[in-house]
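In what follows, a structure is listed as structure tokens, so that the remarks can point back to it.
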């Protein structure tokens, strides 16, 4: 079973790959071209150099643009770097032309925008500001505070975490989309874990699959990994979200002294934390613990004014539908009432709209299903009597944070037809008459419990034994098959016996001979040698006639000539001739025959028939 | 003489196991009636002991499991009650009392997941499948198989009646195919698919077979699960909604 399952999975995976390839590859070629300029830092000390990247995304064959003179800098072209990447199943190619900028003097400068023509289109970059300072560059205080101490010096510009939300105030239960972005610039990062953060007073969803793209932030190009989720506040007040924390490993390449040849297979080669490359490099993993700043929130309570009675805490913008099925039932049969709520908002906090059926229905707790952008409540209603004609209306209300007002949607009532119970079940009984009212119908509350035990033990069987695994039972299944085959063989043989007379005679020959031999044996002890020899002669005639499909009456010793033509062993024919001669002699001189001779003839007859039986007819 | 001997032999091998159970049979009977007496006296714990003792002798019957289910139900062991009812259902699927008690017991499971097996024709087909016990459908299939074989033999021998015999054979063959398909569905459900019932009040289903592992979902007493694999004291199970996790082996009992 498992084997077939695996095979199925492989086939499925193979077709999925083919399908994805066919769907996504053509679309990737139609990618839009983007042109961006970026630098590796915004502050640089005089005497140091910085890197300027001119990147074309969506095209890998654009020649290097000639740079104009840049004020305050000298530049040198280092070369191109092409890149092909597959992110979220879309293929993208890019080319980056790398230049080195060497500051010539201190001050604040602006790298102007560059313009490139490609296939009739013009692409322009944004200008970038750079500050050239004398001596060592230190990071501004503000920037340092937003970045978390990860224990490795000089990484603040290279990797950091940002927590983003679109709003700073929200209502209780209002969905707030939250984004955590990890910016990485020219670092090798592995084992990135999902972010964690303090969220006291908030409820948080699980993070969805992270996105990966490139973004220019403050003039520097970063690889960005974006994590998205939704949060909502559970109580009003001034709350704080974050700081977000994220764990990952930084892989650093270090040149190390090559050990002796024997140490190549040492255990540390396979060390999980550090492993050695073939060219004398050593890669080391450094755990990083990144953090972001926290975000203050003002969470407002929902307004008490104009709050509908049916309001149950739902917040967002929804649509509400009500369906009942079936609409015609018998008393006691269930009706499924389906309430569907779709739209945008916090589905987690949506409760089933209340249903006021008075005593008309018995209402069971709903079955709740969460679907994509919706929630379904399925109630089972059981009408208590045939007078029920409708399912009452149901109201669902919610607070719309955009228009800042409550909205109420009412559906129903739904007309239903309830017939009296089919099984004649009495749902109403005549109760005790009240004073002065005569006989009054009173609704009966039906109880429910298990039905009483059984008095008879029933048919006992061995525990765990099933008939289909019982060996004698399985053997019996072959009987019909055996009978059918036997009948088929029998029918075929019967048909042949009817159609093929020589075959039928040949088949009958030994049986008849056996019968005649028995008669001859009986006559052996009698005092009538004539009868004995007549029987022997008749036996030979009938046997040879049947065996070789000859007319029985005409068979005499002359038949030996005919048999010689059939290539029968001469010895057998000699014995047959001898037997015929004995018979002839006995006819003409019966008095001279002794009992001993009769016995010899009988033995001879048996031998002849026996030897003829050995011949295939 | 030989065919007579063969028939006698076959009768013997079918009846022999039943003869061998003679002693056990009377013991099971007396325990069953003793259990019924305890049940009537509302001594449910003793009734359970009697019924379980009867079952421990290696014999089973639908009413025995049914009464055991009732005793467990009254003893407030919902999981064991449902387990016994389901075992009874395999032996007497058409019993209306059993159906009612099982439905009622299952309606008391907290947070129960309702399963609708298929729609339209498939739903009707699965209902039909469930109305046959495995042995019953095996017998029915065998009878139809013998009838079909006899018809084939008649058709071979009596060539004049071949046409009418062919029509009857086709109908019998269609019925036989339906019976065999029901047999396979029931065989898969009862023999291959390892169903189990949660007998603990609440059972935490974890991501790993470890005590301190994170709980993935909770199973309530009486819920039905399918056993995937077992590892020491832990069993990996699949809930009806497809979620899988590790539960303590003692929290569930296979059907």
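Taken together, the values in this text are just the output of simple stated rules run on the coordinates, not laboratory data. Keep in mind it's a predicted model, so treat the numbers as computed, not measured. Please note: Cβ atoms are built from the backbone with ideal geometry, for glycine as well, and neighbour counts cover all protein chains shown.
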Using the Kirkwood radius over Cα pairs of the range A:292-347, the Stokes-Einstein translational diffusion coefficient at 10 °C and 1.306 mPa s, in µm²/s and rounded to a whole number, is 102 µm²/s
Taking each residue of B:51-61 in turn, how many C-beta atoms of other protein chains fall within 10 Å of its C-beta, and what is the average?
3
Rule-of-thumb check for the range B:120-192: C-alpha Rg over 2.2 N^0.38 Å?
1.32
Over chain B: helical MRE at 222 nm, DSSP H runs n ≥ 4 each giving -39500 (n - 2.57), nearest 500
-19500 deg cm²/dmol
So, in nm, how far is label residue A:286 from label residue B:139 when the simple model puts each one 7 Å beyond its Cα toward the Cβ?
8.0 nm
If you wrap a convex hull around the C-alpha atoms of the range A:457-571 and split its volume per residue, what is the figure in Å³?
255 Å³
Quick one: helix B:134-157 against the long Cα principal axis of chain B, what's the angle to the nearest 10°, folded into 0 to 90?
10 degrees
In Å, the Kirkwood hydrodynamic radius of the range B:172-235 over pairs of distinct alpha carbons?
14.3 Å
Projected label distance in nm at residue A:238 and residue A:525, using a 7 Å step from Cα toward the beta-carbon:
13.6 nm
So if we plug the beta-carbon distance of residue A:362 and residue B:76 into 1/(1 + (r/R0)^6) with R0 = 30 Å, what FRET efficiency do we get, rounded to 0.05?
0.80
Tell me, A:179, A:82, B:138 in order of fewest to most beta-carbon neighbours within 10 Å?
A:82, A:179, B:138
Principal-axis tilt of helix B:162-187 within chain B, Cα atoms, nearest 10 degrees:
20 degrees
Cβ neighbours within 10 Å from other chains - mean over A:462-474
6
Express the relative contact order of chain B as a whole percentage, based on alpha carbon pairs under 8 Å and six or more residues apart in sequence.
14 percent
What do you get for the angle between helix B:96-107 and the principal long axis of chain B? Use alpha-carbon atoms, 0 to 90 degrees, nearest ten.
30 degrees
When A:311, B:217, A:197 are ranked with the fewest other C-beta atoms within 10 Å first, the list becomes B:217, A:311, A:197
Footprinting proxy, A:408, A:378, B:42: sorted fewest to most Cβ within 10 Å, the residues are B:42, A:408, A:378
Average beta-carbon neighbours from other chains, 10 Å sphere, peptide B:36-46:
1
In nm, to one decimal, how far is the residue B:181 label point from the residue B:249 one, both placed 7 Å along Cα→Cβ?
4.0 nm
